[in-house]
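J.: Dropping the structure in here first, questions after.
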Amino acid sequence: MIFVTTSHKPAKEQVLKALALSQELNLPYISRRKCPNLLEAVGDDYCYVVETDRIVVKYRGGSLFFHPSTAKVRMRNIKKGLKDHLIECLQLEGDELILDTTFGLGAEAILMAGFLKEGKVVGLEASTPIYIVVREGLKSYRDKEDWVNAAMKKIEIINVDFKRYLSQCPDGSFDIVYCDPMFENPVYESSSMNPLRPFAVYDSVTDQDVKEMLRVARKKVVLKAHALDSMFERIKVDRITGSRKSQVLYGVIEKR
């Protein structure tokens with residue numbers, strides 16, 4: 001059973017937010033007093049828990065909640081002078097409008113937005129549970145590092161499948177289109193990714209998808225894949241860069 005509830009002894013604001021969320025998602029609201037054992041109540045499904053400052057999705061395998069994840073680690077490494085392959089691929093000037101077609105928890109969108117002074121990232125997330133968690137996180141989460149808070153303000157997230165969204169976009173709507181689909185060969189050691197796996201959309205990227213991305217992009221399309229995936233065997237790119245250690249690759253297609 002999928003439902004909406006709150007944490008124990010909720011404030012009035014939490015209850016009102018939970019009720020509003022249940023209406024938005026057309027799901028039942030159940031008072032936490034009536035389901036003290038969440039895992040027993042959800043069974044093989046999941047529930048949305050409205051906490052004081054965040055929304056968490058609870059399921060038998062664990063919890064899905066928003067956090068800046070690897071964005072902070074990567075920014076620290078960049079400030080130390082280390083190479084970040086994504087940022088090098090993007091060659092940002094600071095005023096770009098970027099479309100992130102596969103948002104997830106948004107770690108890379110936050111990192112990209114950290115380099116935008118006047119620009120913006122529009123993120124697409126087809127999974128409703130991930131979207132709800134991240135939408136609330138972008139509004140409510142506050143970090144000790146000011147750049148993270150500033151970057152999150154430059155992000156807009158939309159609950160939609162990227163294929164449908166791209167089909168409705170006019171030509172040249174964005175400077176850069178970025179696509180980071182779920183890997184064909186998952187890295188299970190990635191603790192930041194594991195909570196997403198039960199809720200993620202696993203659509204593969206096709207040649208037609210890339211044609212649409214290029215139509216929508218003014219400057220370039222950047223694709224991400226694992227070295228063992230078939231992405232760059234199926235799709236021709238201008239150049240590939242990445243880390244031998246992590247085996248994460250980025251393929252760049254320049255708009256001509």
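J.: Based on the mean of other Cβ atoms within 10 Å per residue, sort peptides 125-138, 99-112, 3-16 so the most packed one is first.
T.: Numbers: 125-138: 21.4, 99-112: 25.1, 3-16: 16.0.
Ranked by mean Cβ neighbours within 10 Å, highest first: 99-112, 125-138, 3-16.
J.: Check the straight Cα-Cα distances from LYS83 and name the lysines below 28 Å, setting aside those fewer than 8 residues away within the same chain.
T.: Partners found: LYS72, LYS117, LYS120, LYS144, LYS153, LYS154, LYS219, LYS220, LYS224, LYS236, LYS245, LYS255.
J.: Can I ask one more? Choose one answer from LEU39, LEU86, LEU223: the residue with the largest mean-square fluctuation in a GNM of the chain with alpha-carbon springs under 10 Å.
T.: Judging by the Gaussian network model, the answer is LEU39.
J.: Another question, if that's okay. Could you work out what % of the accessible surface of segment 216-256 is carbon and sulfur, using a 1.4 angstrom probe and leaving DNA, RNA and ligands out of the count?
T.: On the way: 1160 of 2320 Å².
The nonpolar share, carbon plus sulfur, comes to 50 percent.
J.: In whole Å, what is the distance between the alpha-carbon centres of segment 211-246 and segment 2-16?
T.: With segment 211-246 and segment 2-16 each reduced to a Cα centre, they are spaced 42 Å.
J.: Which order do peptides 228-239, 156-167 fall in by mean Cβ count within 10 Å, highest first? Provide the component values of the computation, followed by the final result.
T.: Numbers: 228-239: 13.7, 156-167: 16.4.
By packing density, highest mean first, the sequence is 156-167, 228-239.
J.: Out of residues 5 or more away from GLY123 or on other chains, whose amide H comes under 5 Å of its own, with H placed 1.01 Å from N in the peptide plane?
T.: Those lying under 5 Å, H to H, from GLY123 are ASP100, GLU156, ILE157, ILE158.
J.: For segment 110-256, what is the accessible area per residue in Å², given a 1.4 Å probe and the full set of protein chains? Present the calculation step by step, with values, prior to reporting the outcome.
T.: Numbers: 7300 Å² over 147 residues.
Per-residue accessible area for segment 110-256 comes out at 50 Å².
J.: A follow-up question, please. Output the 0 to 90 degree angle, nearest 10, between the alpha-carbon long axis of helix 128-140 and the longest principal axis computed from the alpha carbons of the chain.
T.: Value to nearest ten degrees: 90.
J.: Might you work out the accessible area of ILE78 for me, using a 1.4 Å probe with all protein chains in place, and round it to the nearest 10 Å²?
T.: Spelled out: ILE78, probe radius 1.4 Å, area about 40 Å².
J.: A further question on this structure: For segment 149-187 and segment 49-83, what is the separation of their C-alpha centers, rounded to whole Å?
T.: Comparing the Cα centres of segment 149-187 and segment 49-83, I get a distance of 18 Å.
J.: To the nearest 10 degrees, how steeply does helix 207-216 sit against the main Cα axis of the chain, on a 0 to 90 scale?
T.: So the inclination is approximately 80 degrees.
J.: How much length is gained on full extension from ILE240 to MET1, taking 0.36 nm per residue of separation minus their Cα-Cα distance?
T.: Numbers: separation 239, 0.36 × 239 = 86.04 nm, distance 4.41 nm.
Result: 81.6 nm gained on full extension.
J.: Roughly speaking, to the nearest percent, how much of segment 1-131's 1.4 Å accessible area is carbon and sulfur? Could the numbers behind the result be given before it?
T.: Details: 3210 of 6430 Å².
After summing per-atom areas, the C and S share lands at 50 percent.
J.: In degrees from 0 to 90, rounded to the nearest 10, what is the angle of the helix 70-79 Cα long axis to the longest principal axis of the chain?
T.: Tilt relative to the chain: about 40 degrees.
J.: Given that compact globular proteins tend to follow 2.2 N^0.38 Å, what is the ratio of the alpha-carbon Rg of segment 13-145 to that value? Spell out each step's value before the answer.
T.: Values: Rg = 17.6 Å, N = 133, 2.2 N^0.38 = 14.1 Å.
For segment 13-145, the normalised Cα radius of gyration comes out at 1.25.
J.: Any idea what Rg and Dmax come out to for segment 34-73 if you just take the C-alpha atoms, in Å?
T.: So, for segment 34-73, Rg and Dmax equal 12.3, 41 Å respectively.
J.: In addition: Can you list, bin by bin at 5 Å, the percent of alpha carbon pairs in segment 66-204, starting at 0?
T.: Cα pair-distance distribution for segment 66-204, in percent: 2, 10, 20, 23, 22, 15, 6, 1, 0.
J.: Per residue of the chain, what 222 nm ellipticity follows from adding -39500 (n - 2.57) for every DSSP H run with n ≥ 4, rounded to the nearest 500? Don't skip to the answer; put the middle values down first.
T.: Numbers: 10 runs with 82 residues, N = 256.
Value at 222 nm, helices only, nearest 500: -8500 deg cm²/dmol.
J.: From the phi of every residue in segment 230-242, what ³J(HN,Hα) in whole Hz does the Karplus formula 6.51 cos²θ - 1.76 cosθ + 1.60 yield, where θ is phi - 60° and glycine or proline is x?
T.: 8, 3, 8, 8, 8, 10, 7, 10, 6, 7, 10, 9, x
J.: For LYS58, list the lysines whose Cα falls under 19 Å from its own Cα; do not include residues on the same chain fewer than 8 positions away.
T.: Cα-Cα hits under 19 Å: LYS9, LYS17, LYS34.
J.: Continuing with this model, one more query. Under a no-solvent Debye model with one identical scatterer per Cα of segment 80-133, what's log10 I(q)/I(0) at q = 0.15, 0.18 Å⁻¹?
T.: So the normalised log intensities are -0.45, -0.62.
The values are calculated or read from the model by the stated rules, or taken from the named source; none is laboratory data. These numbers come from a predicted model, not from an experiment. Ideal geometry is used to build each Cβ from the backbone, glycine not excepted, and the neighbour counts take in all protein chains shown. Quick note on the areas: whole protein, heavy atoms, side chains included, nothing else; ligands and nucleic acids left out. Shrake-Rupley method; radii C 1.70, N 1.55, O 1.52, S 1.80 Å.
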